[in-house]
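Here is the structure we will look at, set down as structure tokens.
The values are calculated or read from the model by the stated rules, or taken from the named source; none is laboratory data. No experiment lies behind these values; they were computed from the predicted model shown. We place every Cβ from the backbone using ideal geometry, glycine too, and count neighbours over all the protein chains shown. Accessible surface areas use protein heavy atoms only, side chains included; no ligands, DNA or RNA. Shrake-Rupley method; radii C 1.70, N 1.55, O 1.52, S 1.80 Å.
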Amino acid sequence: MISEITLYEKRQAYLNSFQERLNNKLLSYKEEKKSHIEKSVNEYAKSHDEIDVKLYRIRLELKYNNKIKKLEDRYEKKYANAVIKSEAKDRNILKNSKRVWEIDFLRGVAIWGMVFDHCTADFWMFFKNIFSNSDTGWLDFMIYQTDLYWKSSFRIGVRLFGVFLFVFLCGVSTVFSKNNWKRSLGLVGFGFAITILLAFVANIVGNNDLQVLLSTITTIGLCLLIYTGVSYLCKRLFGKKSWKWISLGIFITCSIFWAIMSSINYMHIEANPPHTLDTLFDRFYFIFNNNGNDIGWFYQYKNLDASNIYKVILGLQGFGSDWLGLFPYVGYIFLGGFVGETVYKDKKSIIKYFYHKEDRKLSGEAYFLSKQGQLNAKINMKLGFIAYPGRHTLLVYVLHQPIFFAIMLPILLMSGYTLSIF
């Protein structure tokens, strides 16, 4: 087992070895310069008297002593930097050993999928409209290809799985969160701030399509808030051991409720040809994920009133440019909570199942500093780029579109495209 003392000893061994190499280099340099001084003085003595030779020796020694002093200062800085870097590396190992790599990895995959999805949409939703000559050259090709991608069955299926995976992992992560109340309320507050901002922008530009009621962030925050409240009550009433089975039961109940409610709603939507039971079952997986393209995307409300707002909240009908209803996602949160309470109850990576039972029993710092904890840390650090969004979800969610626009606008302008607003 790798303990904190072992990490310290390893660091000290590395630093001692590093310092020894520097000392050997310095000693070799001193010997070289000493030999050079003697050789130069001997040559100088052949044509000068004793006093001149002594003065010459003093000048050479002063010159090389200054060089040696500078070299010593440089090596001291190198050693100090090595100490700082090695300590930071050990802290990073300990920090990463406490994260569950597979959750960060899967969440990162879902977030990168979202980034790709949104960036492809920018071509035919924004760049097509803001550039006056967007129907020529490579931008026209990108608009055509991304439009095909967004309407493809492949994209729809990947999107449905990606959204499910992300919400499900939010449920799993409740086991690791120090304060789910704070986490959920923070997401809800941030989501409604976006809603208010977009309502203000939509009013200025006169485009109601920019408005949102339940954005992705808002809905996930509300689902987490519901989960946190229900789990708190159930644990107090029925005990912590019963909670995971209650959570699974709530997921099943939500799934049955949503299947019935969304199916009835689907059959009552006017369509040509009319929706039938055959089409319902053919496209049922769309309905089961916030109605996907059958209801939520092509059948958006333009305005909200008392007769339709409940459908937008429940997930039966879409509204705005970013929408996610409470169902079926609140059920996915409870499913994630069940998996978290079952598989990750001790807050360890599933790597533990590849080790002896004695090692699996380790907990707290003993686990984080164990061989499997160190392996977990190394995997986390190796994943790096892929897992980063999984650790900084909100940051990536907020910044990915502005960064993409900041990259693409100069490229398009340098390619000869002109903004239609000018």
- Query: So how much slack lies between Leu237 and Leu395, counting 0.36 nm per residue of separation and subtracting their Cα-Cα distance, in nm?
  - Reply: 53.2 nm
- If you take the beta carbon distance between Lys378 and Leu15 as r and set R0 to 30 Å, what does 1/(1 + (r/R0)^6) give as a FRET efficiency, to the nearest 0.05? 0.90
- Task: Compute the Cα gyration tensor for the range 105-230, then decide on rounded, prolate or oblate, letting a ≥ b ≥ c be the square roots of its eigenvalues: rounded whenever a/c is under 1.5, prolate when a/b is larger than b/c in the other cases, and oblate in all that remain.
- Result: oblate
- Task: Could you tell me the distance between the Cα centroids of the range 23-37 and the range 58-82, to the nearest Å?
- Result: 11 Å
- Task: Using a 1.4 Å probe and ignoring any ligands, DNA or RNA, find the accessible area of Val109 and quote it in Å² to the nearest 10.
- Result: 70 Å²
- Query: So how much accessible area does Phe238 have, in Å² to the nearest 10, using a 1.4 Å probe?
  - Reply: 130 Å²
- Task: Determine, for each peptide in 185-198, 259-272, 16-29, the mean count of other beta carbons within 10 angstrom over its residues, then list the peptides with the highest first.
- Result: 185-198, 259-272, 16-29
- What is the spin-label model distance, in nm, from Leu62 to Leu148 if the labels are put 7 Å beyond Cα along the C-beta direction? 8.0 nm
- Item | Inter-label distance, nm, simple model (7 Å from Cα along the C-beta direction), Asn203/Ile37 | 8.2 nm
- For Val212, list long-range residues whose amide hydrogen, built 1.01 Å from N in the peptide plane, is under 5 Å from its own amide hydrogen. Ala199
- Query: What list of ³J(HN,Hα) couplings, whole Hz, do you get for the range 303-319 from phi and the Karplus terms 6.51, -1.76, 1.60, once you set θ to phi - 60° and write x for glycine and proline?
  - Reply: 9, 9, 8, 4, 7, 10, 4, 5, 5, 5, 5, 6, x, 8, 8, x, 7
- Task: Show Trp245, Trp138, Trp150, Trp258 ordered by accessible area, largest first, where the area counts protein heavy atoms only and the probe is 1.4 Å.
- Result: Trp245, Trp138, Trp150, Trp258
- Message: Could you report the range 104-237's accessible area per residue, 1.4 Å probe, as an integer in Å²?
- Response: 50 Å²
